[in-house]
Structure formats: structure tokens, C-alpha cells
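What follows is a single structure, written as C-alpha cells, with notes after it.
A short reminder: the numbers here are calculations on the coordinates, not readings from a lab. Note that the structure is predicted; figures quoted are calculated from it, not measured. Here the Cβ is made from the backbone with ideal geometry for all residues, glycine too, and neighbour counts use every protein chain on show.
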Amino acid sequence: MAHVKTTIAQFQQIVPLVLASGNQQPVGLIGPVGVGKTQYFKGWFRDLYAEHVGVSADQLGFIQERVANRDSAEIAGVALPSKDADGNLRTTFTVAPLITKIRETGKEYGIILIDELMQATADVQKVLADLLDPAERTIGGHPIPDGWIVCFTGNRTSDKSGATRMLSHLLNRCAVFELRFDVKSGAVQQWAEWAADNGVNPLAIDCALAYADDGFFADCVPTEDGPFCTPRSLVRAAQHLTAFMDSADFDGMAIPSYVESLLAANIGNRAAGMLSRHIAMADQVPTAAEIFADPTGANVPDATGYQLLAANRAINSAHDADTGEAALAYVTRLRPDLQVSLGSKLLRASARNGWVLTSDVAVAFIQKFHDLLPLAQTAGMEV
Amino acid sequence: MNMQQSIANNFMVLDISIGRADPMKHSAVASDAAASECKVNHTVPVRTRVGSLGTLTTDLKQVNSKFASVRTWLYENTLPFTDAEDGQQKRGKRLVPVSRVPEVITKLAELKAEAFAALDAFMPDYRGYYAARNRLDLGRVSDVDMPDPDVLAGKYRVNIGAPEPLPVFNVDSLALPAGLAADIAQRHHDRLSKQLDGAKQAAIEGAQKHMDVVEKQLTEGKRLHQSLLDNAKRHATLLRGMVEGYDNDPRVLEVADLIDQRIGSIPNIEQVKHNATRRNQAIRAAGTASKALAAVAKAPSTATPVAPAASNVIVGDSLLADLID
């Protein structure tokens, strides 16, 4: 049975419904490493819950419990032998540390994030069962306050992060979603918006958008040991890149091999190579904004790769019929093979995203290439 | 190869004809009696019909519905091949993608066999009834006769025509004056373009209407029926079959994919009833598909009117028009 796949945008619509239901069902996001699951709960989820209970986000308590390196006794509390007033031996339990932490916040409302739940042992998952059960909401026999809600993150078994399958009785109590991260779902574009708002190096964002369809981000953990590109590792790499570009060593174009090595240590050789080349050609290739502003006059680089990059920049940034039409007008100036594959990709995206292109340019494109369009599809020429 | 020639290789045209007996017959006697009984002014027309098969009339209607279902299936699963304008009747020949011809022929033969099986099951009852009760159950209605069983059975037929290739005019094969040949070719191309574009429009409009129904039903509907999903799949198939054989319009193919992925892939309507996530996904997909199809339908046609070979065209007034006039 596969997990239900979702995107952050869709999850943003789901969460208010879960909160509004009042059943306090825990929600969980699982998925590849480094795609922002934990970050989501720290940011947007926290805002949604604050809005739901009518307080500001900083008035919410937030406890992140990394359960992967805990044993069950650390979660539930420890059994202590003691004697009662009559001198009989009895067992008492310490208060679960989580309860203590909640009390220490002094907050009426809060979020308990169980991080890396799937990396926890089966014993720990069992101990957490009552916490994750909306009908119980206890840990070690102690109830959690009504104003506190539980959520969790984890990886999939295929992510090679030591994750195991979630125990079925937990799965049955919570709403679990698998987070998608690809261009088609709009997740890359959404990440790019977040990254731009959070000061991530624009060249790294631009490169991610341009090459997202070309395997810039790893879609699974590589079989060989080594770094790979995820949104998280790209943000780290982008910080190093910014530090280098701010230094006197940067000539405005070239990325020296030692810097590329540093980038590769975060995002892998392949993505680092793409990023280096992207920076080297940045001045030759028009940006999406330049293409949207003047699709018939914007520079069309001679090299195929640069043409591809320019068009992908525009296509991945197109967000309405006007920008889509501008991107198509630019695409029709490229090499014929790129016209077919990129035009097909753009027209499909326009239909799926609700700003379908219907101009004379779009119609003429379909007329002109009607017999080549299937080749673009079946031969994997979509770029 | 021009656009129309390549399209001609992707489609075939299919025609069927169906014969049935109408068991309801007009009766002047019954009309007069009804007018009199109801005290209708004599200037008001009253036209009453009587089941000519007596008490077996309803049974024959069920047989008729089996015969009608042959055409219904064909019309639901293929597209019109006609140059009728919007609002005009679009009966007649049907356009079938070549890859689907075997499936369509097989299904039609199956439905035809079911229809005749229903007729064969009915006829012995009717023969017995006719022999035993001829006219007795028709009371005072003296101007309606029960049909002879053999005559009745002879009225039933289902002719499934042999699939034909699309007619593409080859100007080079005819020894005609160049101007006349070019004129005929142009008119032929224009007509074929209209017919094919009409088929694409029919596929788009059919799918769009159903997406509107899906969106409305899933949003407001209380009794959801499996046909919502089945028809979504059918419309996606029709869209894909038409577009892949015609202009490969990526916009429409994306919509077909969207319908298949978000609506057609739901195996059972019960999943929609009990799964808000799937339901919301399907609602959003239906809304997006409807909007996209509406936009494509309003956009200029992608049909390319291909001009005949320009080298031997005599430019000037239409020679064909002169000859016809």
C-alpha cells in the first residue's frame, strides 16, 4: 500500500481541514531527505495552527523530539522501585520527559513534532502509539494538554536513512502523507519562492529551476555513497557559493575547482557541475524576466545548451497566459528540435496549470509541428 | 506528406444502420374516444397512440432498447464525421482511430448479437400471443392491426458497414484541367478539415461538459454514480484518440492525462465518497480540465487547410463554380 502523495501547496489546504475537524488527529509528512519536512512544521504549519487557535505564532510552544536515537524508557519514563508508608515495595514511574518539557514552556497551546519517527525502533514507535492516537493523547500514562497537537516526520525505507516502515497501528491512527518534490507538482517553483524570500543565492535558485527537469535534484538516494542534491543541501551549498562570490577571488564568471569541490561536497558532483556551468554562462543567457519583457528581442545564445537553459528558465517561471505566451514566442526562435520539445512541454504545462495558451502563435506551433510532437513525447525529448 | 494525408492514415470512417419496428401506432378511433372522454374542443387536435402488440408492447420496447444500444454505444465511443454546423444533427458516419477499429467492430458485433438474442427470445412469445389473442386485447381500437410475426421480425436489422479510409483527394491522379482540379482539391480539403475539426470539437465539448458534471456532482451531488468515473475515462480515451490521430495538440493531451490521473484512475466511486483528499483532487482536476478545454475550443482551429500543388494552379475565378453554376 503506497502512502498518499502530496505537495506542500496541497498540504497547506489539507491542514486547516484537519485542524477544523477538532479530532486532533496527528498529521505526518514522510519523504526524501532534505526536502523541507521539518522546516514545514516549524514554519507554515506553526502559522496555520496559531491562526487556528487564535494566537500569534510566537505564543505557541514548539517541542521537537528527535526519537531516532532514543530508547523507549527515555520516551515513556523510567520505572523506579520505592517503598510505601507500610514498607511495601512498589514501582513508580518518572514523568515522561516530554510532559516535563511541555510544562516548562508554560504555554497553553503548542506543537509536538516527532522528528524522524521512522528511524525510531519498533519499541519507541510502540511507546509513542498512545501519543499518536487521537483518542488517547497520552505518553507514559500522562495526558498531553488539550491545546497541544502532535505531528511527525520521517523518511521512506527507500531513502537509505535507517528508516523502517511505520508500524501499522500508528499508520491507522494518523494522517500520513508522502511529500513530492518535482517540477510537475509545482514544488520546485514553490521552493524557489521560499528560497528567494530567505536570501538563498539567486544563481543557485535559477540553476535549480533551469535544470530541475534534468535531474538537478536527486529523485532518490544514489546507490553509490556520496552527497546528493536536495533543497536542504542546495541551501548549504548556496551559502558557500555566496561566501565565495562575496570574496575578491570571484572574477564574475568562473567557479574555481576548489569551490566546485566544496559545492559538490554538499550537492554531489553532477549538480555542482551544473551549477558551475550555469554561473559561467549566466551572462550569455537571458533571464526569465528578460525573456518575458522582450520575447522576440531577448538574446538567443548560439549554443544549444544555453538555448535550453534560457527556455527552461522562462518555462519554469511562467505563471500565467502572458508569461506563457512570451515563453512560447521565445521558444519559437530556438533550434527546431528544441522548439518541438520545449514548446510541447510549455503547452502541456499551460493546460495543467490553468492558463492554457491559445494564441495564434500557439496554434501555428501545433500546426507546424503536429507530426513531430509525438516524437518529443515518446523519445523522451521533453527537457 | 501533408497534414490531411497523415491524418487519413490514422482514422477510418464507420457507418451503421439499424432497423426496428415501432410498436406504437396512431389510432383515429382511440383519438376520437380520448377527445370525447376528455371533452376536448373539436378544434383541438388529439392524437393517441396504441401499442400494436397488445400486452407484449412493453416487451418489444425492451427489445428495441437493445437495438438502440448498438447506436448509443457507437455514438458514445466514437466521434462524428460530418460537416454539420453547431446545433445541427450530427448523425451519420463516425470517425474511429485506426488502432481502435478492431475493438469497436468487436463491440458492435457483440451488441448486435445481444440485440438479436433478445429478439429471438421475444418472438416465440409473440407468435403464441398473436395466434391466441390477435386483436382481442385492443378492445374497440379497430384501426390498429397487430403486425404479422414474420413481418415484425423482418423489420429488425443491424448493418455494420465495413470501415472505410478517409477520403483524401489526389489531384495528380485525375486528368482534369489544372485549375478545375485545384479547385476541387481545395474544396475537398476544406470539407475534410471541417469534418475533422468538427470531430475534435465534439471530443472537446463532450469532455468539457462531462468535466462540468463531475465538478458539480462531486461538489454538491449527494448520490454519486460510478458512471461519473467511467464516463471520465471514456472521454479521456476519445480526446486522446482524436488528438493523437489529428494534430497531437499537447494541451488536449495534457488534459486527457490529467483526467486519467486524477479522475479515471479512481477505481471505485466509493473511494470518492469516503476520501476527501481524492475527492478534492478530482474536483480540482475536473475544474482545470473544463477550463482548459473551454479555452482550446474557443481558440483558432489547428486544422491546416493545405493548398494543392501550387505549381499547376491557375489563379483566377473558380472554374468549378462556373461549371456548377
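Give the Rg (one decimal place) followed by the Dmax (whole number) of the stretch A:128-212, computed from C-alpha coordinates and expressed in Å.
18.3, 52
Do you know the relative contact order of chain B, to the nearest whole percent, from alpha carbon pairs under 8 angstrom that are 6+ apart? Please list the in-between numbers first.
On the way: 405 pairs, mean separation 75.2, N = 325.
23 percent.
As an exercise, use a Förster radius of 22 Å and the Cβ-Cβ distance of residue B:113 and residue B:61 to find the FRET efficiency, rounded to the nearest 0.05.
Values: r = 20 Å, r/R0 = 0.90.
About 0.65, to the nearest 0.05.
At R0 = 22 Å, how high is the FRET efficiency between residue A:121 and residue A:23 if r is their beta carbon distance? Nearest 0.05 is fine. Display every interim value, and only then the final one.
On the way: r = 28 Å, r/R0 = 1.28.
Taking R0 as 22 Å, the efficiency between residue A:121 and residue A:23 is 0.20.
How large is the Kirkwood hydrodynamic radius of the protein assembly as shown, counting all unique pairs of alpha carbons, in Å?
Values: mean 1/r = 0.0317 Å⁻¹.
By the Kirkwood definition, the hydrodynamic radius is 31.5 Å.
Using Cα atoms only, what is the angle between the long axis of helix B:178-220 and the major principal axis of chain B, expressed in degrees (0 to 90) to the nearest 10?
Approximately 60 degrees, to the nearest 10.
Suppose we look only past 38 Å in the calculated P(r) of chain B. What percent of the Cα-Cα pairs does that tail hold?
On the way: 20507 of 52650 pairs.
Tail of the P(r) past 38 Å holds 39 percent of the pairs.
So what's the back-of-envelope 222 nm ellipticity for the protein assembly as shown, counting only DSSP H runs of four-plus at -39500 (n - 2.57) apiece and dividing by all residues, rounded to 500? Write down the numbers at each step before the final one.
Details: 28 runs with 357 residues, N = 708.
Result for the protein assembly as shown: -16000 deg cm²/dmol, rounded to the nearest 500.
I'd like the Kirkwood hydrodynamic radius of the stretch A:1-100, using the inverse of the mean 1/r over distinct C-alpha pairs, in Å. Could the numbers behind the result be given before it?
Details: mean 1/r = 0.0588 Å⁻¹.
Result for the stretch A:1-100, one decimal place: 17.0 Å.
List the pairs from A:368/B:93; B:209/B:298; B:216/B:291; B:194/B:233; A:126/A:160; A:42/A:107 whose alpha-carbon separation is above 18 Å, in the order I gave them. Walk me through the intermediate numbers first.
Values: A:368/B:93 29 Å; B:209/B:298 14 Å; B:216/B:291 14 Å; B:194/B:233 26 Å; A:126/A:160 22 Å; A:42/A:107 16 Å.
Going by Cα-Cα distance, A:368/B:93; B:194/B:233; A:126/A:160 fall outside the 18 Å limit.
Give, rounded to the nearest 20 debye, the magnitude of the charge dipole that the protein assembly as shown has about its Cα centre when Lys and Arg contribute +1 at Cβ and Asp and Glu contribute -1 at Cβ.
On the way: 70 positive and 82 negative charges, 473 e Å.
That gives the protein assembly as shown a dipole magnitude of about 2280 debye.
At what distance in nm do the modelled label points of residue A:71 and residue B:151 sit from each other, each positioned 7 Å from its Cα along Cα→Cβ?
Label-label distance for residue A:71 and residue B:151, simple model: 9.8 nm.
Quote the charge dipole size of the stretch A:276-348 about the Cα centre in Debye, to the nearest 20; the model charges only the Cβ of Lys and Arg (+1) and of Asp and Glu (-1).
Working: 6 positive and 8 negative charges, 63 e Å.
About 300 debye.
To the nearest whole percent, what portion of all C-alpha pairs in the stretch B:87-204 is separated by more than 18 angstrom?
Numbers: 5001 of 6903 pairs.
Tail of P(r) above 18 Å: 72 percent of Cα pairs.
Under 4 °C and 1.567 mPa s, how fast does the stretch A:226-342 diffuse according to Stokes-Einstein, given a Kirkwood radius computed over C-alpha pairs? Answer in µm²/s, whole number. Numbers along the way, then the final one.
Working: Rh = 15.4 Å.
In µm²/s, the coefficient is 84.
Over the stretch B:183-295, what per residue volume does the convex hull of the Cα atoms give, in whole Å³? Could you put the intermediate results ahead of the total?
Numbers: hull volume 9.8 nm³, N = 113.
Roughly 86 Å³ of hull volume per residue.
Along Cα→Cβ, 7 Å out, is where each label goes; now give me the distance between the ones at residue A:375 and residue B:68 in nm to one decimal.
Taking the simple label geometry, residue A:375 and residue B:68 are separated by 5.0 nm.
For residue B:135 and residue B:174, compute 0.36 nm times the residue count separating them, minus their Cα-Cα distance, and round to one decimal in nm. Kindly include the intermediate steps, with their values, before the conclusion.
Working: separation 39, 0.36 × 39 = 14.04 nm, distance 6.19 nm.
Gain in length upon complete extension: 7.9 nm.
Restricting everything to alpha-carbon atoms, can you work out Rg to Rh for the stretch B:1-147 with a Kirkwood hydrodynamic radius?
Working: Rg = 21.9 Å, Rh = 18.9 Å.
Rounded to two decimals, Rg/Rh equals 1.16.
Given labels modelled 7 Å from the Cα in the Cβ direction, how far is it in nm from residue B:187 to residue A:90?
So the two model labels end up 10.7 nm from each other.
Can you tell me the length gained on complete extension of the stretch residue A:246 to residue A:225, counting 0.36 nm per residue apart and subtracting the Cα distance?
On the way: separation 21, 0.36 × 21 = 7.56 nm, distance 3.15 nm.
The span from residue A:246 to residue A:225 would gain 4.4 nm if fully extended.
Compute the convex hull volume of the Cα atoms of chain A, divide it by the residue count, and report the result per residue in Å³ as a whole number.
Enclosed volume per residue, from the Cα hull, is 183 Å³.
Quick check: residue separation of residue A:197 and residue A:169 times 0.36 nm, minus the Cα distance between them. What number comes out in nm?
Numbers: separation 28, 0.36 × 28 = 10.08 nm, distance 3.97 nm.
Gain on extension, residue A:197 to residue A:169, equals 6.1 nm.
Relative contact order for the stretch B:198-265: what is it in percent, counting Cα pairs under 8 Å that are at least 6 residues apart? All intermediate terms of the calculation are to be shown ahead of the outcome.
Numbers: 48 pairs, mean separation 24.6, N = 68.
Answer for the stretch B:198-265 is 36 percent.
Enumerate the aspartates and glutamates that residue B:112 could reach by cross-link, defined here as Cα to Cα under 13 Å, with residues fewer than 8 away along the same chain left out.
B:120
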